[in-house]
Structures are given as structure tokens and as C-alpha cells.
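Just so it is clear, none of the values below were taken in a lab; they were calculated from the coordinates. Computed from a predicted model, the values in this text were never measured in an experiment. Methodologically, a virtual Cβ is constructed for each residue, glycine included, from the backbone with ideal geometry; neighbour enumeration extends over all protein chains shown.
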Amino acid sequence: MVFRSRMLNLLTFCGTACLLSACGSSTTATNPDKSTGSRAADAAAVSPYKPTATFQEIMDSIVDPSSDVIWEAVSTTVDAKGIHEKQPHTDAEWHEFRRRAILLVEAANLIAVPGRRVAKGDKSVEDGAPLREISVELVAAADNKNVAAVTDLGGALDEVCESCHKVFWYPELAQNSATR
Ligand code: HEC
């Protein structure tokens, strides 16, 4: 039964898609110059997503504050009074850490929503996969209360941020420092 209803959904989807493509081709025939625009408009019309916040707002509201909690969760400070180790101890503290990792997992999907463009160059970032993969591992580290993994993954997370920023945020800067 489940299979049958999936098939029906698929058929309904095909019906809609075929109708849309028929509309698209008739527009192309009568008005060739606008064919690309109308296809983009069709895609926007069928998408269930409405990217509203800017890419920069997602970084500022979700990605940056969540990763700060993750980076600050485990640390060692040395001062005149000795060595101070900081790490989550209680279930509540680990749960708080896990919440931030979940925010990062789903932020990876949010940044990849079609139509969410970066300010410079009108580009879309299609691949949130590296951020998602590392964040899924951070969730597992919270579940296992694994302090060593949190430290290692924190370094890997930083590399994920940086490697995307070099391409999509400040490519000129990355290029200059590479040639220096
Ligand atoms: C897949 C790409 C990608 C990943 C991964 C990514 N960023 Fe970004 N980030 C961007 C882009 C692109 C911008 C610039 C946004 C724009 O210009 O529209 C940006 C901007 C920012 C900003 C500036 C926001 C502001 O208010 O101006 C901060 C802070 C930031 N990112 C932090 C992070 C951190 C921390 C991580 C990792 C945990 C991260 N980003 C991961 C692409 C990414």
C-alpha cells in the first residue's frame, strides 16, 4: 500500500512537471529571449522552499554563534593559579553542546537551499555536505561524551569554514596570500 501511494505521488509529480515543461516550451517558441527567465520562474514556483534570510544572516544568526559554543566547550588555560581544564560535565551541559551541533547540521541544509545567494558575485553555494558531515560527528561526540573527539573535530570544523570562505566569501584574499 505504501509503495502504491508512493507511485501515485510520483505520477502526480510527473503530471505537474510535464505540464510545467509544456508551458515552458510554448513560452520559448513565442518568446525565445525570455526562455531562461521563465524556466527559473517555473523552478521557483514549484519549490516548497522560500529562502528569506540572506546567506550572511544565516552565518551570523546560526552558524557563527553555534560554532563558538562548540569551540569554547573544551579548553585548557594555564595561569598563576595552575592549569584549568574546561569541558562539559553534566548531562545538561552535553545536551547544550549537542543542540549547537544539531543547529550546524541543519544550517548545512539551509545554506544549500536553492535561491540562497551570497552577496558577492550572485553565486549559490550548492554544497553544504562538508559542514553537515563534521557536524553529524559532533552530535555523536556529544552522545558519547567524548572530549577528545570534540577537540579534534573542533579543528576540522574550522577547516571546513575556512575552505568554503576562501572560495565563496573572500576569494581575492585567498588568492593573494597563495601567491605571496
Ligand atoms: C559552504 C560555505 C560556507 C561554510 C561551510 C561556512 N561559511 Fe561562513 N560564510 C560563507 C559565505 C559565502 C559568507 C559571506 C556571505 C555573503 O557575502 O553573502 C560567509 C560569512 C560568514 C561570516 C560573516 C557574517 C557577517 O555578519 O558578515 C561569519 C562570521 C562566518 N561566515 C562564520 C562561519 C563559521 C564559523 C563557519 C564554520 C563553522 C562557516 N562560516 C562556514 C560561506 C560559508
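What residue among ALA92, LEU110, VAL147 has its Cα farthest toward the positive end of the dipole of segment 92-180, where the charges are +1 on Lys, Arg and -1 on Asp, Glu, each on the Cβ?
Of the candidates, LEU110 comes out farthest on the positive side.
If you take the Cα Rg of segment 52-178 and divide it by 2.2 N^0.38 Å, with N the number of residues, what do you get? Walk me through the numbers before you get to the answer.
Details: Rg = 16.3 Å, N = 127, 2.2 N^0.38 = 13.9 Å.
The reported ratio for this selection is 1.17.
Once Rh is set to the Kirkwood radius over Cα pairs, what Stokes-Einstein translational diffusion coefficient, in µm²/s, holds for segment 130-180 at a temperature of 10 °C and a viscosity of 1.306 mPa s? It would help to have the intermediate numbers written out before the result.
Numbers: Rh = 12.2 Å.
Using the Kirkwood radius from Cα pairs, D works out to 131 µm²/s.
Can you return the lysines within cross-link range of LYS120? Criterion is Cα-Cα under 27 Å, with same-chain partners fewer than 8 residues away left out.
Of all the lysines, those that pass the test against LYS120 - Cα under 27 Å, at least 8 places apart if same chain - are LYS34, LYS50, LYS166.
Contact order normalised by length for segment 52-178, with contacts defined as Cα pairs under 8 Å and 6 or more residues apart; what percent is it? Present the calculation step by step, with values, prior to reporting the outcome.
Numbers: 136 pairs, mean separation 29.8, N = 127.
Relative contact order for segment 52-178 comes out at 23 percent.
In a shell of Cβ-Cβ distance under 13 Å around ASP127, excluding ASP127 itself, what net charge do Lys and Arg (+1) and Asp and Glu (-1) give? Write out the running numbers ahead of the final one.
On the way: positive: ARG116, LYS123, ARG132; negative: GLU126, GLU133.
It works out to a net charge of +1.
Calculate one ³J(HN,Hα) per residue across segment 101-114 by plugging θ = phi - 60° into the Karplus curve 6.51 cos²θ - 1.76 cosθ + 1.60, and present them in order as whole Hz with x for glycine and proline.
5, 5, 4, 5, 4, 7, 4, 4, 6, 4, 5, 8, 4, x
Please work out the FRET efficiency for the pair VAL147 and VAL46, using the Cβ-Cβ distance as r and a Förster radius of 41 Å; give the result to the nearest 0.05. It would help to have the intermediate numbers written out before the result.
Details: r = 46 Å, r/R0 = 1.13.
Efficiency at R0 = 41 Å is approximately 0.35.
Quick one: length gained pulling GLU162 to VAL78 fully straight, 0.36 nm per residue minus the C-alpha distance? Could the numbers behind the result be given before it?
Working: separation 84, 0.36 × 84 = 30.24 nm, distance 2.79 nm.
Length difference between fully extended and current span is 27.4 nm.
Quote the charge dipole size of segment 52-178 about the Cα centre in Debye, to the nearest 20; the model charges only the Cβ of Lys and Arg (+1) and of Asp and Glu (-1). It would help to have the intermediate numbers written out before the result.
Working: 12 positive and 22 negative charges, 39 e Å.
With Lys and Arg at +1 and Asp and Glu at -1, about 180 debye.
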